[in-house]
1. Name the residues in segment 52-68 that are open to solvent by less than 70 Å² (accessible area, probe 1.4 Å) and either free of Cβ contacts under 8 Å to residues at least 12 places away in the same chain or in contact with a Pro (Cβ under 7 Å, 6 or more places away or on another chain) (or both), would you?
2. Looking only at residues in segment 24-42 that are open to solvent by 40 Å² or more (accessible area, probe 1.4 Å) and touching a residue at least 12 places away in the same chain (Cβ under 8 Å), which one is farthest from residue 77 (Cα to Cα)?
3. Mind counting the residues in segment 31-54 that are among the aliphatic types (A, V, I, L, M) and within 18 Å of residue 67 (Cβ to Cβ)?
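The values are calculated or read from the model by the stated rules, or taken from the named source; none is laboratory data. Remember, it's a predicted structure, so these values are computed and weren't measured experimentally. Backbone-built Cβ (ideal geometry, glycine too); neighbour counts: all protein chains shown. Quick note on the areas: whole protein, heavy atoms, side chains included, nothing else; ligands and nucleic acids left out. Shrake-Rupley method; radii C 1.70, N 1.55, O 1.52, S 1.80 Å.
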Amino acid sequence: MAVVVDIPVLARLTVTASQSVAALVLVRFMVAMPVGAFLGGWLLRRLGPAVVAATGLAVAGAGLALMSGWGRGSLQSWPATPV
């Protein structure tokens, strides 16, 4: 729930004053969510929970490390989408 509220608010503060553009930033996340869930479930059956959990935590940590260096306007560049 925090993501659904925070992403549009932070997008309005950093990217644009338009609510429509801020909502499109949230759409990128909402599209990636089921893709990641499907891929995680598929990998869970093949590799087991320990490997999937460790990989997921490593990817999440790398994403957070990348985001820690973001500044004003970082959501406007293309690398923000995969992160």
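1. Residues satisfying the conditions are 53, 54, 58, 60, 61, 62, 65.
2. Per the stated criteria, the residue is 29.
3. 2
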